Amino acid sequence: MSARKTAAPGFNEFRNNLNKGKLPDILLFHGVEQLVVSWAVGELRERFVSPAMRSVDYVVLESPTPEEIIDACETFSMMSEKRLVWVPNFRPLKSVSGIKGYGEESLEKLIRYISDPNKGTIAVFSYDEIDGRSRLVKALKKQGGEYVFNQLTNGGLKSFATKRFERAGKKISDSHLAMLIQMTGYLNKESNYHLFNFDNDIRKIIAHSSGAVITEEDLRAAVSGDGDTFIFDLLDGISGNDKSGALEILNNKIKRDTYSSIPTAAAIISQVELMMEIREFMDDPTGPSSAAAISRYTGIHSFRVEKAMRYASRYSAEKLRKMLKDSYETYAALLTGEIPHQLALEMFIARI
C-alpha cells in the first residue's frame, strides 16, 4: 500500500509553529489567499524584526535576480533578532524552466544557498501557484517550511470578519455575519472572490455603518459580492427583453477582465441552476413556497433565495430548463475553444 499523501500545513499550523518557535529559516508560502500570505509575513516581521530597524532588517524584493536574493539573505541584521527577506511573486516558483532573466546557473546558486542558509535571516518565497516539478520548489520544500494559504473555512472567515469589526468598534450578530458570508459568495465553489475582496467589503460596511451595531441595511448597501450583482444586472437586461443592454453589460465586463469569460459562464450557470430550483419550489403547491421556508429546506440563505425568486418568477420552468441547457452548451464551447469566448457568450444571450 502506498503512503498516504498528507496536505501541506496552512494558516493554523503556521500560527502555532510561529508561537512555538518551530519555523525554519527558509519558508515557501503559496495559495490563492495572498492576503493571508501578507498577514503571515507581517507576523514574522513583528516577531523577529526590531521596530526601530525595519527599514534595514526587513527587505521586500520585487523581481530580483537569484544573486540579489542571496546578497540580501547573507547580509546580517543590525539590531533585530533576525533579518527578514520576502520575495513575493517569484516567477521561477511557477515554472520548471525557460524563464527569461533567470538562467540555470543563477538558479543553481540559489538552490545551493537554500541548502545552507544564513541562520541570521528568514527568507520567504511566495506565489499564488507553484510548480512542484521545479528543482527550486523541491529544494524549498526539503529545506524549509511549506505553508499553503487557500480558501478559509466558514469558521475561519467568521473569525476574520469578527476581528475586523471589533477592531473598528463595531458589533455584528451571528445571523448578520452568516448573511454577510452568504452575500459575498466567498464559499461558492466557482467563486473568484477572495479575502482581499472580503476585507474591502468589510471596510465599506464599517464606513457605511453609523451606529455601533452592523445592520442588514449596512450589508446590502456595501457588499459587492462575487459577481452576483453583475449576473443580476445581466439577467435584468435579458428578462426585460433588453438584449442590447445585456450585451453592453457583458462587453464592459470582458473589457475590464479579458480572462473572465469562463468564470462568467460558470457564474451564469450557477445562478440559472438556483433559479431553476426555486422555480420548481414555486410551482409545487405541496412544498415550501416562501423565501424563508425554501431557505430552511435547502440551507440556502434567504437573501439569495429572495433574489432568485424575483428573477425566477419572470420565466416558466420550461424556459429556465432551456436557459440552463444553453448555458451548459456555451460553457462546453468555451472550454473546448470551439467558438471565441466573447462570441460564445453573446450567442448565449441572443438565444435566451
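The values are calculated or read from the model by the stated rules, or taken from the named source; none is laboratory data. It should be emphasised that the depicted structure is a prediction, and the values quoted were computed from it without experimental measurement. As a convention, Cβ positions derive from the backbone with ideal geometry for all residues, glycine included, and neighbour counts pool all protein chains shown. SASA here: full protein model, heavy atoms, side chains in, ligands and nucleic acids out. Shrake-Rupley method; radii C 1.70, N 1.55, O 1.52, S 1.80 Å.
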Tell me whether region 132-148 contains one or more residues that are touching a Leu at 6+ places or on another chain (Cβ under 6 Å) and among the small types (Gly, Ala, Ser).
yes
Could you tell me whether region 291-314 includes any residue that is modelled with pLDDT of 80 or more and over 22 Å from Ser175 (Cα atoms)?
yes
For the list (1) closer than 17 Å to Gly145 by Cβ; (2) assigned to a helix (DSSP H, G or I), I need the number of the one condition that Glu108 fails.
(1)
Of the residues in region 40-62, those that are in contact (Cβ under 8 Å) with a residue 24 or more places away in the chain, over 23 Å from Gly21 (Cα atoms) and exposed (fewer than 13 other Cβ atoms within 10 Å of the Cβ) number 1
Of everything in region 111-126, what is open to solvent by 40 Å² or more (accessible area, probe 1.4 Å) and either assigned to a loop (DSSP other than H, G, I, E, B) or in contact (Cβ under 8 Å) with a residue 60 or more places away in the chain (or both)? Give them in sequence order.
Asp116, Lys119
Against the conditions (1) among the hydroxyl-bearing types (Ser, Thr, Tyr); (2) touching a helix residue (DSSP H, G or I) at 6+ places or on another chain (Cβ under 9 Å); (3) farther than 25 Å from Met183 by Cβ, where does Thr286 fall short? Just the number, please.
(2)
Which condition number in (1) part of a helix (DSSP H, G or I); (2) surrounded by fewer than 15 Cβ atoms within 10 Å (Cβ to Cβ) is the one that Gly287 fails?
(1)
Could you identify the single residue in Phe125, Phe160, Phe165 that is hydrophobic (A, V, I, L, M, F, W, C), within 23 Å of the chain's Cα centre (by Cα) and closer than 30 Å to Pro66 by Cα?
Phe125
Residue within region 10-21 that is of a type in the set (A, V, I, L, M), within 28 Å of the chain's Cα centre (by Cα), modelled with pLDDT of 90 or more and crowded, with 18+ Cβ neighbours inside 10 Å present:
no
Could you please give the count of residues in region 181-222 that are in contact with a helix residue (DSSP H, G or I) (Cβ under 7 Å, 6 or more places away or on another chain), surrounded by fewer than 17 Cβ atoms within 10 Å (Cβ to Cβ) and within 14 Å of Lys163 (Cα to Cα)?
1
Counting only residues that are within 23 Å of the chain's Cα centre (by Cα) and more than 22 Å from Glu108 (Cα to Cα), region 36-87 contains a total of 9
Could you tell me whether Ser80 is more than 23 Å from Val32 (Cα to Cα), small (Gly, Ala, Ser) and surrounded by fewer than 15 Cβ atoms within 10 Å (Cβ to Cβ)?
no
Residues of region 307-352 being acidic (Asp, Glu) and open to solvent by 30 Å² or more (accessible area, probe 1.4 Å), which ones?
Glu318, Glu329, Glu338, Glu346
Across (1) part of a helix (DSSP H, G or I); (2) open to solvent by less than 30 Å² (accessible area, probe 1.4 Å); (3) at pLDDT below 95, Ile99 clears everything bar (1)
Scan of region 74-96 for residues that are over 19 Å from Phe48 (Cβ atoms), modelled with pLDDT of 90 or more and part of a loop (DSSP other than H, G, I, E, B), ordered by number:
Asn89, Phe90
Can you pull out the residues in region 143-180 that are more than 19 Å from Asn16 (Cα to Cα), part of a helix (DSSP H, G or I), in contact (Cβ under 8 Å) with a residue 24 or more places away in the chain and open to solvent by 30 Å² or more (accessible area, probe 1.4 Å)?
Gln143, Asn154, Arg164, His176, Ala178
